[in-house]
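The values are calculated or read from the model by the stated rules, or taken from the named source; none is laboratory data. Values in this document were obtained by computation on a predicted structure and should not be read as measured data. Every residue, glycine among them, receives a Cβ derived from its backbone with ideal geometry; neighbour counts consider all protein chains shown. Ligands, DNA and RNA are excluded from the accessible area calculation, which covers all protein heavy atoms including side chains. Shrake-Rupley method; radii C 1.70, N 1.55, O 1.52, S 1.80 Å.
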Amino acid sequence: MNKIQIPDDLINLLINSERVVVLTGAGVSAESGIKTFRDPDGLWAKFNPAELASMNGFMKNPELVWDWYQHRREIINKSEPNPGHLAIAQMHQLFSKFALITQNVDRLHHRAGSDNVIELHGNIIENYCVDCHTYYDEQIGENDLSLPKCKKCYGKIRPAVVWFGEMLPEAALIKADELSRNSQVFFSVGTSSEVYPAANLPLLAKENGAVVIEVNPNETAISRYMDYRFRMPSGEILPVIIERIKERKGLI
Ligand code: BJW
Ligand code: ZN
């Protein structure tokens, strides 16, 4: 018997809900060995976001930015989905209208078996040309440290992530907005809720009647609005929640 207590009213709510939405951030991948951004040992403690995660920074020093992304790709390629990703992947089967929205670019949710993942900040696998916007789906070689050029126009190639000051992919944002408004239960997992517009989604869900749950070892910008707060790593608490639901549904 696992010692972690999940309130009965929450399990009751979950087994009677269809429209369950999970929003994830970097914290869900922390247990896979991928650094978050704003924790004390996070990426922004060591690297400057204006230099490395903005179009201005890229145009000033494209090689530096490219090398940083190649280094992160190497770490991501060596990492594996953790129990948090795997628990979320099981939610697709447990709720008939489940949706997963992520700010993460690492594709670990895909590798854990989640499909239809709504990626708000793009992904780190693909690249595109800054001039003609041709996409390069294939991963450009990890050891290719020099900045690659577009085969069509010889423009600079950048990672297909969303940097500060850039619009989020329109279709993903519209879908995320609609799913959040219509959700019955909304989980905010492993995000500091500092970056907009993603940070607004849990609040949008709450305003429209959803029960909102935060999974995060630390207090965040939106903690005070949450109906339930689990101050634990996602890889520890999410599998327990899934187990309780399965028990109640007679699946185990
Ligand atoms: C665990 C755990 C464990 C640890 N288990 N949990 C003023 C007001 C409002 C908005 C703005 C403003 N000024 C500027 C803006 C807009 C800006 C913004 O929000 N800035 C804020 C910082 C203020 N937003 C944008 O620019 C966005 N675009 C946009 O708004 O377009 C319209 C517009 C244009 C121009 C002007 C104004 C509007 C684009 C945002 C793009 C974000 N890009 C990045 C980089 C992606 C590429 C890459 O990876 O390199 O996305 S930044 C980075 O932050 C990354 C993340 O997706 C994002 C969110 O971070 P996340 O996931 O929350 O990570 P952390 O590190 O912050 O938190 C981790 C959490 O996990 C912590 O809480 C831990 O406790 C927890 N944790 N271990 C569970 N085991
Ligand atoms: Zn091009």
Output the residues belonging to segment 119-147 that are at pLDDT 90 or above and more than 16 Å from the chain's Cα centre (by Cα). E126, N127, Y128, C129, V130, D131, C132, H133, T134, Y135, Y136
What helices (runs of 4 or more DSSP H) completely inside segment 1-88 contain at least 1 residues that are in contact with a Gly (Cβ under 9 Å, 6 or more places away or on another chain) and either modelled with pLDDT of 95 or more or aromatic (F, W, Y) (or both)? 49-52, 55-60, 62-78
Within segment 231-248, can you find the residues that are open to solvent by 80 Å² or more (accessible area, probe 1.4 Å) and either touching a residue at least 24 places away in the same chain (Cβ under 8 Å) or away from ligand 1 (no atom under 12 Å from the Cβ) (or both)? E236, E247, R248
Which residues, counting only those in segment 181-215, are small (G, A, S), open to solvent by 10 Å² or more (accessible area, probe 1.4 Å) and part of a helix (DSSP H, G or I)? none
Given (1) within 12 Å of ligand 1 (Cβ to nearest atom); (2) polar (S, T, N, Q); (3) at positive phi, where does T191 come up short, assuming only one miss? (3)
A careful count of residues in segment 89-124 that are without any contact (Cβ under 8 Å) to a residue 40 or more places away in the chain and part of a strand (DSSP E or B) gives 1
Verdict on G155 being touching a helix residue (DSSP H, G or I) at 6+ places or on another chain (Cβ under 9 Å) and either more than 22 Å from E31 (Cβ to Cβ) or away from ligand 1 (no atom under 14 Å from the Cβ) (or both): no
Name, by its number, the condition in (1) within 16 Å of ligand 2 (Cβ to nearest atom); (2) open to solvent by 10 Å² or more (accessible area, probe 1.4 Å); (3) of a type in the set (G, A, S) that does not hold for G155. (2)
Determine which single condition Y228 fails, assuming it passes every other condition in (1) crowded, with 17+ Cβ neighbours inside 10 Å; (2) more than 20 Å from F37 (Cβ to Cβ); (3) of a type in the set (S, T, Y). (1)
